[in-house]
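Student: The structure under discussion is supplied below as structure tokens; questions concerning it will follow.
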Amino acid sequence: MSPPLLEVRDLVKKYATVTAVDGISLGVEDGICLGLLGPNGAGKTTSIEIMEGILAPTSGEVLYRGEPLGQRFKEEAGILFQKTALQDFLTVRQSLNMFRGLYTKGLSVDEVVRLCALEKLEKRDTRKLSGGQQQRLLLAIALVNDPTLLFLDEPTTGLDPQARRNFWDLVQSIKQRRKTIILTTHYMDEAELLCDEIAIIDRGRIIARGAPRRLLREHFAEVLLELPRQEFPAAARTLPLKLIEASDRVEITTNDLDSTLRVLMDARVPLNDLRIRPPNLEDLFLELTGKELRA
Amino acid sequence: MKRLVAVWHARNLEFLRDRSTLIFSLVLPLALIIGMSFVLGGKGRPLFKVGVLAPAVDTQAHPFLSELYVDFVPVTDEADAVRKVSRHSLDLLVDVRQPVRYWVNPSSPKGYIIEKLLLETDRDAHRQPVSGEAIRYIDWLFPGILGMNLMFSCLFGVGYVVLRYRKTGFLKRLHATPLTAFEFLTAQVLSRLALTLLVTTMLYVGIASIIGFHSAGNMLLLVGLMVLGALSMIALGLTIAARFSSEELVGGLLNLLTWPMMLLSGVWFSLEGSPQWVQWVAQVFPLTHLLEAARAVMLDGAGVAAITPDLLYLAFTTIAFLAFGAWSFRWRVE
């Protein structure tokens, strides 16, 4: 059996007072999009930077095609960091030319320009790009070597909704080219849309891993009722219900909607703002950690 | 006022907590004070430097030797001392044995004044012709100006650019590519080298045509020397920029290098007669070797053989600084 494209074994990263990564192990198969999902400070970026070979782990190892990260990995990996500044005074095309020159193999600059819809921006100074345009350029730079493995670290953080949607379209078109993608995000909609598999990270550890739908099925055989927190009477908190309190709402999971609604009505809980919906990854995170993703 | 104090306080905290910069801010002025006290200190900086043809200077031998603000340096090799007068390393050379003789470069402003002082104490002193072509002070200064410009361009040009690349995360992005530290540093060296050579050539042509200067030596050799000097200086700048991420610290370190070089490498005045250890320290600086070799080529028409030790030193420091820079190089802010 051939080894996974990328394999991470017992990764630990300690700083003076903090353990950012606390024993992460995972394998990434060829052609999938794996999402590392977790709140800010969970250890996502530290983990992905160790996998990228940018940061040295305190202990543990990362293997690419069964071998420690080396020159072959650098030739075949594409990386989009959370934050990158480019050289001043260079145009979009000049920046792409520079990065293309660093690899032995790859796509032509024209091709990545087309792929990332940068045709109209080719001659623009990179400092004059909007947030969304800048991310598209950085993605194009990550693609110049036609990578086998693509790392995207919180690629849509700070983008407006339209730019995020455009970026997702781009990532989906890259997925169709059978690229393996490792993506970190704290947006559950992004993970649900783009990822074939997710690993939920909290306090430097993976606390759940699998396909998003399978994970939701495993943890929620029920539907989810949502009520505004300020309208939920204190006395009702002792009701015999499976109840989780988030910052602005109270969530009740049940597989018997009728009897749950009856209990709430008997307790005179106002139901005008009641929402009933299927659970999502955010609920899963809340269920697993008792914390909200965007906290 | 409250806002001003709040910002002032926060900036002070930032400065005090940046330990490396703080320590450095204290070290630089201290080093400058110590350096200046040795170079310019003592009983007041002598205004003139006079060679005395004798194994030791005996102030009783002649009233001229008791003049204040004159640094009397004993010399034994007459021909060499006369050459130094012609090259502005000595303002005047005097032999106080009877009949008293002296040598002065007619184009030296300081020589003109010190000659008047000598004649004030001894009207019968005989002026001797300075053998060989006497060099104008401006000609002597010219290689110093070229070298100083080259030093600033190389050290600051490279130092701050690499620092900025590191701070903005551009270096981290490059680290994710197959590019090695050595390749990156070499590219920086070559880019700065081309620019520095262009500027130095423009400066040379411009100043030489204004002051009517003609190099006595081979121009190709001079270009080769400038290339090596620039390489050594750029590599030195890279050792500073290789790992730090604080502008204050890098700026301070660059100042710590450039100031002593400007004072001790003989840009403005010759170190003739300075304490021996100051001359030894000066020999550590690449700029000293660049200037000594450049003056030898430009003023004396020296060939490769005469400046080989300087060329070797510049080549050695280039390799040593580059190796150290590549070894200590950091792609990201730590």
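Laboratory data are not the source of any read-out in this text; all were calculated from the coordinates shown. Being a predicted model, the structure only gives us computed values, none of them experimental. Glycine also receives a Cβ, built like all others from the backbone with ideal geometry; neighbour counts cover every protein chain displayed.
Student: Pairs of Cα atoms under 8 Å, at least six residues apart: use those to get the relative contact order of region B:241-334, whole percent. Could you put the intermediate results ahead of the total?
Tutor: Working: 53 pairs, mean separation 33.4, N = 94.
Over region B:241-334, the number comes to 36 percent.
Student: Additional query: Among rounded, prolate and oblate, which fits region A:215-295 when a ≥ b ≥ c are the square roots of the eigenvalues of its C-alpha gyration tensor, a/c under 1.5 means rounded, and a/b larger than b/c means prolate? All intermediate terms of the calculation are to be shown ahead of the outcome.
Tutor: Working: a/c = 1.99, a/b = 1.36, b/c = 1.46.
Oblate, because a/c is 1.5 or more while a/b does not exceed b/c.
Student: Quick check: from the Cα gyration tensor, does region A:1-97 come out rounded (a/c under 1.5), prolate or oblate? Mind dumping the intermediate values first?
Tutor: Numbers: a/c = 1.98, a/b = 1.28, b/c = 1.55.
Oblate.
Student: 222 nm [θ] for chain B, helices only, -39500 (n - 2.57) per DSSP H run of 4+, per residue, to 500?
Tutor: Working: 12 runs with 219 residues, N = 334.
So the helix-based figure for chain B works out to -22500 deg cm²/dmol.
Student: Can I ask one more? When the helix-only estimate is applied to chain A (DSSP H runs of n ≥ 4, each -39,500 (n - 2.57), divided by the residue count), what is the mean residue ellipticity at 222 nm, nearest 500 deg cm²/dmol? Walk me through the numbers before you get to the answer.
Tutor: Working: 10 runs with 92 residues, N = 295.
Value at 222 nm, helices only: -9000 deg cm²/dmol.
Student: On average, how many beta carbons from a partner chain sit within 10 Å of the beta carbon of a residue in B:227-240?
Tutor: Details: counts 0, 0, 0, 0, 0, 0, 0, 0, 0, 0, 0, 0, 0, 0.
Across the residues of B:227-240, the mean count of other-chain Cβ atoms within 10 Å is 0.
Student: So between B:GLN279 and B:VAL205, what do we pick up on full extension, going 0.36 nm a residue minus the alpha carbon distance? Could the numbers behind the result be given before it?
Tutor: Working: separation 74, 0.36 × 74 = 26.64 nm, distance 3.13 nm.
Full extension of this stretch gives 23.5 nm more.
Student: Among A:LEU241, A:LEU121, A:LEU69, whose mean-square fluctuation peaks in a Gaussian network model of chain A (Cα, cutoff 10 Å)?
Tutor: Taking springs between Cα atoms under 10 Å, the residue moving most is A:LEU241.
Student: Explain nothing, just compute: Karplus ³J(HN,Hα) = 6.51 cos²θ - 1.76 cosθ + 1.60, θ = phi - 60°, for every residue of region A:41-52 in order, whole Hz, x for Gly and Pro.
Tutor: After applying 6.51 cos²θ - 1.76 cosθ + 1.60, I find x, 6, x, 5, 5, 4, 4, 5, 5, 5, 4, 7 Hz.
Student: Seen from all sides and averaged, what is the projected area of the convex hull of the Cα atoms in region B:227-282, in nm²? Mind dumping the intermediate values first?
Tutor: Numbers: hull surface 19.1 nm².
In nm², the orientation-averaged hull projection of region B:227-282 is 4.8.
Student: In whole Hz, what ³J(HN,Hα) sequence does region A:150-158 give by Karplus (6.51, -1.76, 1.60; θ = phi - 60°), x for Gly and Pro?
Tutor: 10, 9, 10, 9, 6, x, 10, 4, x
Student: Using Cα springs under 10 Å in a Gaussian network model of chain A, which residue among A:ARG124, A:ARG209, A:ARG262 shows the largest mean-square fluctuation?
Tutor: Among A:ARG124, A:ARG209, A:ARG262, the largest mean-square fluctuation in the Gaussian network model of chain A belongs to A:ARG262.
Student: Round to the nearest 0.05 the FRET efficiency obtained for B:GLN128 and B:LEU190 when R0 = 45 Å and r is the Cβ-Cβ distance.
Tutor: Computed FRET efficiency for B:GLN128 and B:LEU190 comes out at 0.35.
Student: Rounded, prolate or oblate, given the Cα gyration tensor of region A:34-87, with a/c below 1.5 counting as rounded? Can you show the working numbers first?
Tutor: Numbers: a/c = 1.84, a/b = 1.18, b/c = 1.56.
Oblate is the answer for region A:34-87, as a/c is 1.5 or above yet b/c matches or exceeds a/b.
Student: Moving to a separate point now. Peptides B:87-94, A:270-277, B:105-112: what's the order by average Cβ count within 10 Å, highest mean first? Can you show the working numbers first?
Tutor: Working: B:87-94: 25.8, A:270-277: 11.4, B:105-112: 18.4.
Packing order, densest peptide first, comes out as B:87-94, B:105-112, A:270-277.
Student: Moving on. Would you order A:MET98, B:MET219, B:MET298 from fewest to most other beta-carbon atoms within 10 Å of each residue's own beta-carbon?
Tutor: Numbers: A:MET98 16, B:MET219 11, B:MET298 25.
Starting with the residue having the fewest Cβ neighbours, the order is B:MET219, A:MET98, B:MET298.
Student: Another question, then. Once you average over the residues of B:172-184, how many Cβ atoms of partner chains fall within 10 Å of each Cβ?
Tutor: Working: counts 9, 12, 5, 5, 15, 13, 12, 5, 2, 0, 0, 1, 1.
Taking the mean over all residues of the peptide, I get 6.
Student: Quick one: work out the % antiparallel among DSSP beta bridges in region A:50-205, nearest 5. It would help to have the intermediate numbers written out before the result.
Tutor: On the way: 4 of 13 bridges.
So the antiparallel bridges amount to about 30 percent of the total.
Student: From the cross-link list A:LYS128/B:LYS172; A:LYS179/A:LYS242; A:LYS44/A:LYS123; A:LYS83/A:LYS120; A:LYS120/B:LYS172; A:LYS74/B:LYS167, which pairs have alpha carbons spaced over 31 Å apart? Intermediate values should be presented prior to the final figure.
Tutor: Values: A:LYS128/B:LYS172 22 Å; A:LYS179/A:LYS242 41 Å; A:LYS44/A:LYS123 35 Å; A:LYS83/A:LYS120 23 Å; A:LYS120/B:LYS172 28 Å; A:LYS74/B:LYS167 22 Å.
Check vs 31 Å cut-off fails for A:LYS179/A:LYS242; A:LYS44/A:LYS123.
Student: Find how many whole Å separate the alpha carbon centroid of region A:190-260 from the alpha carbon centroid of region A:114-150.
Tutor: Value for the Cα centre distance between the two parts: 37 Å.
Student: Picking from A:LEU215, A:LEU34, A:LEU80, which is most flexible by a Gaussian network model of chain A using Cα springs under 10 Å?
Tutor: Its mean-square fluctuation being the largest, the pick is A:LEU215.
Student: Then there is this: Which cross-chain or sequence-distant (5 or more) residues have an amide H under 5 Å from the amide H of A:VAL250, H modelled 1.01 Å from N in plane?
Tutor: Long-range HN contacts for A:VAL250: A:LEU227, A:ARG229.
Student: Over the Cα atoms of region A:171-225, how large are the radius of gyration and the largest Cα-Cα distance (Dmax), in Å?
Tutor: 12.8, 40
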